[in-house]
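The values are calculated or read from the model by the stated rules, or taken from the named source; none is laboratory data. All values reported here derive from a predicted model rather than from experimental measurement. A quick note on method: Cβ atoms are made from the backbone with ideal geometry, for glycine too, and the neighbour counts reach across all protein chains shown. Only protein heavy atoms, including side chains, enter the accessible area calculation; ligands, DNA and RNA are left aside. Shrake-Rupley method; radii C 1.70, N 1.55, O 1.52, S 1.80 Å.
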Amino acid sequence: MRAVFLDQQTFKDEVSFAAISAQLSQITHYRLTSPKDIVQRCQQADIVITNKVVLTKKILSQLPELKLICIAATGTNNVDIDAARALNIAVTNVSRYARHSVSQYVFAQILEYYNQTSHHLKNTRQGLWQHSETFCYHGNKITELAGKAIGIIGYGHLGQAVAHIAKAFDMQVLIAERPNAESVRGDRLPFNKVIEQADILTLHCPQTPETEQLIDQKVLQAMKPSAMLINTARGAIIDDNALIAALEQHQIAYAVLDVLDQEPPSDSHPLIQCDLPNLKLTAHIAWASIEAQQRLIDIIGDNIAAFNGGIMLNRVD
């Protein structure tokens, strides 16, 4: 089996690709691949590995040797699955590799906000503690997580990992039912109730037509003015302009976004431009602990081995 990896640069250099190479007779790694080069690079490949390179129906129809597409991610929106199915091309993805990384990121942001660690470090570096009249220098308030309500939208393995940690902090875990659901499952609360009650709202749902712009002006206005919003899911789940207005008008207190609707964002992206003190942006790195990256690559190796053995594993076609 001959394979090409179209965008290896989406992984750190420390990651080993041995688990993939062991399943192949040949693999060619490209750090990045532009749209104009996709067909030429994939022409002789039995297997294509892509993280974010887009494989359309037009492209797939020009690859007669292609047997398997391995998406190096959970999301599948960069591959035309229907076209692959029609062309008898198998497609796999990877899930359950980043639960520790994403949940750790969520609580790193929560703890930074509620403990104000950067602020207190700055106070010491500025000499405020050294010249204090008492044994401590208070600065910004520190607030306990115990008793706080964390609302979780999307209760797959990532949402469940966040809930597990939250319970260790004696937090109240609120699991949101789908918006406009006709019934509410026993372990969940109505979507609107979670929005209204959450001190922290964290997003872990996939991007679908139903979830695009889910966090809009109406939802933001229903949140507590003291609420914190965290998005490690997909940028398009939030209405950017509505969020900017909500932060400017202090309808909510703080937002942390690890994802945007355009990645990488342009310099003119409204969330890049707005420069608000109650908004933190990070560069889609919640998933990217070195352990999670290695786990993902190893699972791709498992997916290829399963395909070679005629076993259905992590198939999405």
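A straight chain from Cys274 to Glu133 at 0.36 nm per residue would run longer than the Cα-Cα distance by 46.9 nm. The relative contact order of segment 96-227 comes to 23 percent, based on Cα pairs under 8 Å that sit 6 or more residues apart. Separation of segment 111-186 and segment 258-296, taken as the distance between their Cα centroids, equals 20 angstrom.
By the Stokes-Einstein formula, at 0.890 mPa s and 25 °C, the chain with its Kirkwood radius over alpha-carbon pairs has D equal to 113 µm²/s. Cross-linked pairs Lys167/Lys280; Lys12/Lys36; Lys193/Lys218: Cα-Cα separations exceed 20 Å for Lys167/Lys280; Lys12/Lys36. Evaluated at q = 0.14, 0.16, 0.19 Å⁻¹, the base-10 log of the normalised Debye intensity for segment 180-292, with identical point scatterers placed on the Cα atoms, takes the values -0.58, -0.75, -1.03. With the cut-off at 1.5 for a/c, could you classify segment 65-126 from its C-alpha gyration tensor as rounded, prolate or oblate? It is prolate, given that a/c is not under 1.5 and a/b is the larger ratio. Mean residue ellipticity at 222 nm, helices only, the chain: -9000 deg cm²/dmol; runs of at least 4 DSSP H residues each add -39,500 (n - 2.57), and the sum is divided by the number of residues. Ranking Thr202, Ala292, Phe307 by how far each Cα lies toward the positive end of the dipole of segment 187-317 (charges on Cβ) leaves Thr202 at the top.
Ligands, DNA and RNA left out, the accessible area of segment 57-102 computed with a 1.4 Å probe is 45% carbon and sulfur.
Label segment 119-248 by shape, choosing from rounded, prolate and oblate, from the square roots a ≥ b ≥ c of the eigenvalues of the Cα gyration tensor; if a/c is under 1.5 it is rounded, and otherwise prolate applies when a/b is larger than b/c, oblate when it is not. The shape class here is prolate. Over the Cα atoms of segment 1-93, the radius of gyration divided by the Kirkwood radius equals 0.93; this is the Rg/Rh ratio.
For the options Ser95, Ser289, Ser226, a Gaussian network treatment of the chain with springs between C-alpha atoms closer than 10 Å singles out Ser226 as fluctuating the most. Take every Cα pair under 8 Å whose residues are at least 6 apart in sequence, average their separation, divide by the length of the chain, and the relative contact order is 18 percent. Here the translational diffusion coefficient of segment 44-180 follows from Stokes-Einstein with Rh set to the Kirkwood radius across Cα pairs; for 4 °C and 1.567 mPa s it amounts to 67 µm²/s.
Relative to the 2.2 N^0.38 Å rule of thumb, segment 1-42 has a C-alpha radius of gyration ratio of 1.20. Taking max minus min of the alpha-carbon positions on each principal axis, segment 268-317 gives extents of 53, 25, 15 Å, largest first. Comparing Asn93, Leu63, His157 along the charge dipole axis of segment 1-158, the residue lying farthest to the positive side is Leu63, per the Cβ-charge model. Ordering Gln251, Gln221, Val106 by Cα displacement along the dipole of the chain toward the positive end leaves Val106 in first place; charges were set at the Cβ atoms of Lys, Arg (+1) and Asp, Glu (-1). Size check on segment 210-271: the Cα extents along the three principal axes, sorted descending, read 30, 26, 16 Å. Averaged over residues, the count of other Cβ atoms within 10 Å places the peptides 193-201, 108-116 in the sequence 193-201, 108-116, highest first. The mean sequence separation of alpha-carbon pairs under 8 Å and at least six residues apart, normalised by the residue count of segment 191-317, gives a relative contact order of 20 percent. Charge dipole (Cα centre; +1 on Lys/Arg Cβ, -1 on Asp/Glu Cβ; no other charges) of the chain amounts to roughly 440 debye.
Cross-link reach is defined here as a Cα-Cα straight distance under 18 Å, omitting same-chain residues fewer than 8 places apart; for Lys67 the lysines meeting it are Lys57, Lys58.
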